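Asker: The structure's right below; bear with me while I get my questions together.
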Amino acid sequence: MTAIESPAPVAAASERRSLDPLPSSAADTASAPRFTVDGSAQLEEHLARTCAKIGAGIRGLVPAAKLEAVLLGGGYGRGEGGVLRTPADDRPYNDLEFYICIRGNRHLNELRFGHALHVLGEILTPQAGIEVEFKITSLRELAAAPVSMFSYDLVMGHRWLVGDESLLDDCDHHRATEDIPLAEATRLLMNRCTGLLFAREKLEKREFTPADADFVRRNIAKAELALGDALLVTYLHYHWSARERLRQLPLLSRLEALPWMAQVRHRHATGVAFKLHPERSDASRETLLDRHRDLVELSRHVFFWIEEHRLGTGFASPADYALSTQNKCPEQSATRNVLIGTRALGLRPLLEARAGRHPRERILNAMALLLWDPAALSTPRLRARLHRDLQTRGTTFPEILAAYRNLWSRVN
């Protein structure tokens, strides 16, 4: 495996570089923060030009009086974007994630600007060579939000298209990695294990295409990375840099006694390597099936170990977890959960005793059964649980998974 250097420490706010406007020449690009760890100069210039086009496009759509800031987040914003090596050149791989801070109510701003920004993203995606995504927020909303893995990553690692570091003066609480709640580790694993479910769907198709192989390999890598990251959140050692997380994980000596910890460290290192240097997969279905099967089993150990710590109780099996009446998302108020549940599921949950529970609990229950209990669909009690949680009458794995995907996309 290629050696991965640790990142430089995060600069003080006064030392961080504002990129407004973005560099437009090779000389300017050479002195600017990088998008990748070791991508070619041509790749760096391509990403800089792409960001300049995107910044200009956003300015053309959002009036100056409304536009507060634009930040590039994700791996490229943190200087650790993926570099896809090809015989011809280095190419980008991950999505470009832009956070557009617009003054005023986010929902009204989404109604006013969301469609136009979506069209802009569709126009620029082919030119960028990777997906261009826009998320609308505001500086006020970001400052008022509680710390999460997302907010910590964004505030600690980003690249400015519009604005400068002074705009985040009210966001210092997002810099405290020790304040990231344990529920964020569960949420991370929920999303990455959901990716393993979707990968299973691809692996079980009659025809398995190269695109399917690439999808499966990518979601395996994301889950591999998440296992170690979730443990770092649990022990307050999470870091915005994947390279630093790679260095930190072996330092959690208190976890050495866990029989699966060595596997987690190995998988995590593989996930970091893929994140920085992704590859198009040419692996066979059989090879990916074996790797997927082993990772599903490992993820079961990590997930339930974290859930037992978070919820303060043990679970004898995935079925025991899914059928438990314990509130698995106690961090949100019942009133807010009712609103979220109604928006995601309609009025039907109001007739249930769990109306005040966050609908994410339904996803956690269903994920545990679909991913880790082979008898879930053939056991009447467990199948009934899936039907209630996912509001479906489906009996086959594809039917149940379609309902799961619909709810997950609404709640996540």
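Asker: Restricted to the range 274-297, and to residues that are among the aliphatic types (A, V, I, L, M) and buried (at least 18 other Cβ atoms within 10 Å of the Cβ), which residue is farthest from residue 183 (Cα to Cα)?
Answerer: 288
Asker: Quick check on residue 184: is it open to solvent by 50 Å² or more (accessible area, probe 1.4 Å), modelled with pLDDT of 95 or more, among the acidic types (Asp, Glu) and in a helix (DSSP H, G or I)?
Answerer: Answer is no for this residue.
Asker: Tally the residues that are within 24 Å of residue 74 (Cα to Cα), touching a helix residue (DSSP H, G or I) at 6+ places or on another chain (Cβ under 8 Å) and in a helix (DSSP H, G or I), restricting the search to the range 243-279.
Answerer: Total satisfying the criteria: 16.
Asker: Please specify each residue of the range 318-341 satisfying the condition of being open to solvent by less than 50 Å² (accessible area, probe 1.4 Å) and either within 27 Å of residue 396 (Cβ to Cβ) or touching a Leu at 6+ places or on another chain (Cβ under 7 Å) (or both).
Answerer: 318, 319, 321, 322, 323, 324, 328, 341
Asker: Moving on to the next point. Considering each of 386, 347, 401 in turn, give the residue that is open to solvent by less than 10 Å² (accessible area, probe 1.4 Å), without any contact (Cβ under 8 Å) to a residue 24 or more places away in the chain and either in contact with a Gly (Cβ under 9 Å, 6 or more places away or on another chain) or more than 21 Å from residue 199 (Cβ to Cβ) (or both).
Answerer: Of 386, 347, 401, the one residue that is open to solvent by less than 10 Å² (accessible area, probe 1.4 Å), without any contact (Cβ under 8 Å) to a residue 24 or more places away in the chain and either in contact with a Gly (Cβ under 9 Å, 6 or more places away or on another chain) or more than 21 Å from residue 199 (Cβ to Cβ) (or both) is 386.
Asker: Would you confirm, using the coordinates I've provided, whether residue 308 is touching a helix residue (DSSP H, G or I) at 6+ places or on another chain (Cβ under 6 Å), surrounded by fewer than 17 Cβ atoms within 10 Å (Cβ to Cβ) and under 30 Å from residue 264 (Cα atoms)?
Answerer: no
Asker: Condition first: open to solvent by less than 20 Å² (accessible area, probe 1.4 Å) and either in a helix (DSSP H, G or I) or not aliphatic (A, V, I, L, M) (or both). Now tell me which residues in the range 158-178 satisfy that.
Answerer: 159, 160, 163, 165, 168, 171, 174
For (1) without any contact (Cβ under 8 Å) to a residue 12 or more places away in the chain; (2) touching a Pro at 6+ places or on another chain (Cβ under 6 Å); (3) of a type in the set (Lys, Arg), each residue gets a yes or a no:
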position: 168; (1), (2), (3): no, no, no
position: 171; (1), (2), (3): no, no, no
position: 174; (1), (2), (3): no, no, no
position: 179; (1), (2), (3): no, no, no
position: 184; (1), (2), (3): no, no, no
position: 200; (1), (2), (3): no, no, yes
position: 209; (1), (2), (3): yes, no, no
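Asker: It is to be established whether one or more residues within the range 221-242 are within 25 Å of residue 79 (Cα to Cα) and of a type in the set (Lys, Arg).
Answerer: Yes - at least one qualifying residue is present in the range 221-242.
Asker: What's the number of the only condition in (1) open to solvent by 30 Å² or more (accessible area, probe 1.4 Å); (2) farther than 25 Å from residue 167 by Cα; (3) in contact with a His (Cβ under 8 Å, 6 or more places away or on another chain) that residue 86 fails to meet?
Answerer: Result: residue 86 fails condition (3) only.
The values are calculated or read from the model by the stated rules, or taken from the named source; none is laboratory data. Quick caveat, the model's predicted, so the values are computed rather than measured. Don't worry about glycine lacking a Cβ; one is built from the backbone with ideal geometry, like all the others, and counts go over all protein chains shown. Remember, those area values only see protein heavy atoms, side chains included, never the ligands or the DNA or RNA. Shrake-Rupley method; radii C 1.70, N 1.55, O 1.52, S 1.80 Å.
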